[in-house]
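Notes follow once the structure below has been shown.
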Amino acid sequence: MGITLGPIKLGPLTGRPYMRLLAIPYPVVDPVALQLGPLAVKWYGLAYIAGLLLGWLYIKRLLDQRALWADGKPPIDSQKVDDLLIYMTVGVLLGGRLGYVLFYEPRYFLMNPLDIPAVWKGGMAFHGGLLGSILAILVFARRTSANPWSMLDLCSAATPIGLFFGRLANFINAELVGRPTNVPWAMVFPGADLAERHPSQLYEAFFEGLVLFAVLWWLTHKVLALRRPGMVAGTFMLGYGLARSFCEFFREPDPGHWLTWGPFTAGI
């Protein structure tokens, strides 16, 4: 049994505190951004909306900059991006939700099928969202006779925007927490335990969002990679894989998940 001194609990053998007095406090933010009667607007939902809308605006911007494209000809007219936004929204929401249902909680949703569409309760998987959005992009490209690789390039260039806001929402919700650590910027997340942990959601927002966006911007605007269909999409997949793999070293693995084998984690 340890010794408790106020909020600081000392270990039974070493006397080392489990929580440091100078640990950075977790900035508790209400997950509900706005309450309108019975309707609760959560930061998580706003993050998805911000990612989709800002990505839509960025794609329009890329299409309007004809100098970025071979022979000055973008794959589609910027006015068609409105339809692309609808395809992407459906692909991300359906794919992300079904990915979570199938990869993470299949037993629960088999017993509670009415909870499958309840996305407001949380539970989205990037793996499923990625597959759903790719399928949506390919369907859109086929229906508009656009080069599918160029469409994948466009959406890949904008995707880090959504990843950035999504990871910030994870941080606000105090979910997908990091591994225990004693680094100076460690935090104690509510709902986990008293262990100080890496704010791994912020690491992911930085690397998967800001850094990856900067790399892809450099490719599109300096290297003119949009003139070579598939280059931006391929770089996104490689860059995201590297960033995500690096950040997984700092994030607490999903306990008991069938895809977590030794050092290999399932991610979400």
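Scanning the range 213-238 for residues that are open to solvent by 20 Å² or more (accessible area, probe 1.4 Å) and assigned to a helix (DSSP H, G or I) yields Phe213, Ala214, Val215, Trp217, Trp218, His221, Arg227, Met231, Gly234, Thr235, Met237, Leu238. A residue that is open to solvent by 20 Å² or more (accessible area, probe 1.4 Å), in contact with a helix residue (DSSP H, G or I) (Cβ under 8 Å, 6 or more places away or on another chain) and touching a residue at least 24 places away in the same chain (Cβ under 8 Å) occurs nowhere in the range 180-187.
Taking the range 93-116 as the search range and keeping residues that are touching a residue at least 60 places away in the same chain (Cβ under 8 Å) and either in contact with a helix residue (DSSP H, G or I) (Cβ under 9 Å, 6 or more places away or on another chain) or surrounded by fewer than 18 Cβ atoms within 10 Å (Cβ to Cβ) (or both), which one is nearest to Leu154 (Cα to Cα)? Among them, the one singled out is Tyr100. For Ile76, the conditions (1) open to solvent by less than 60 Å² (accessible area, probe 1.4 Å); (2) within 21 Å of the chain's Cα centre (by Cα); (3) among the hydrophobic types (A, V, I, L, M, F, W, C); (4) under 21 Å from Leu135 (Cα atoms) all hold with the exception of (2). Among the numbered conditions (1) hydrophobic (A, V, I, L, M, F, W, C); (2) at pLDDT 90 or above; (3) over 17 Å from Leu154 (Cα atoms); (4) open to solvent by less than 50 Å² (accessible area, probe 1.4 Å), the only one that Leu242 does not meet is (4).
Sub-9 Å Cβ pairs linking a first residue in the range 35-51 that is within 11 Å of Leu168 (Cα to Cα) and open to solvent by less than 90 Å² (accessible area, probe 1.4 Å) to a second residue that is assigned to a helix (DSSP H, G or I) and among the charged types (D, E, K, R), at least 6 apart or interchain, are Ala47/Arg167, ordered by first then second residue. Screening the candidates Ala50, Ala33 for the property of being over 25 Å from Gly230 (Cα atoms), modelled with pLDDT of 90 or more and touching a helix residue (DSSP H, G or I) at 6+ places or on another chain (Cβ under 6 Å) yields one hit, Ala50.
Here Leu210 fulfils each of the conditions (1) within 15 Å of the chain's Cα centre (by Cα); (2) assigned to a loop (DSSP other than H, G, I, E, B); (3) among the aliphatic types (A, V, I, L, M) apart from (2).
Taking the criterion of being more than 18 Å from Ile86 (Cα to Cα) and open to solvent by less than 40 Å² (accessible area, probe 1.4 Å), the residues of the range 162-171 that qualify are Leu163, Gly166, Arg167, Ala169, Asn170, Phe171. The residues of the range 141-161 that are open to solvent by 60 Å² or more (accessible area, probe 1.4 Å) and closer than 22 Å to Leu54 by Cα amount to a single one, Trp149.
Residues in the range 117-140 that are within 20 Å of Gly166 (Cα to Cα) and open to solvent by 30 Å² or more (accessible area, probe 1.4 Å): 9 in all.
If I ask for residues that are among the basic types (Lys, Arg), assigned to a helix (DSSP H, G or I) and open to solvent by 80 Å² or more (accessible area, probe 1.4 Å), which ones from the range 52-73 would you list?
Arg61, Arg66
In the range 193-204, the residue that is most open to solvent (accessible area, probe 1.4 Å) out of those that are aliphatic (A, V, I, L, M) and in contact (Cβ under 8 Å) with a residue 40 or more places away in the chain is Leu194. Within the option set Leu53, Leu34, being out of contact with any Pro (no Cβ under 6 Å at 6 or more places or on another chain) and under 25 Å from Lys222 (Cα atoms) holds for one residue only, Leu53.
The values are calculated or read from the model by the stated rules, or taken from the named source; none is laboratory data. These figures come from a predicted structure and were not determined experimentally. Positions of Cβ are generated from backbone atoms using ideal geometry, with glycine treated the same way; all protein chains shown enter the neighbour counts. What goes into the accessible areas is simple: the full protein's heavy atoms, side chains included, and nothing from ligands, DNA or RNA. Shrake-Rupley method; radii C 1.70, N 1.55, O 1.52, S 1.80 Å.
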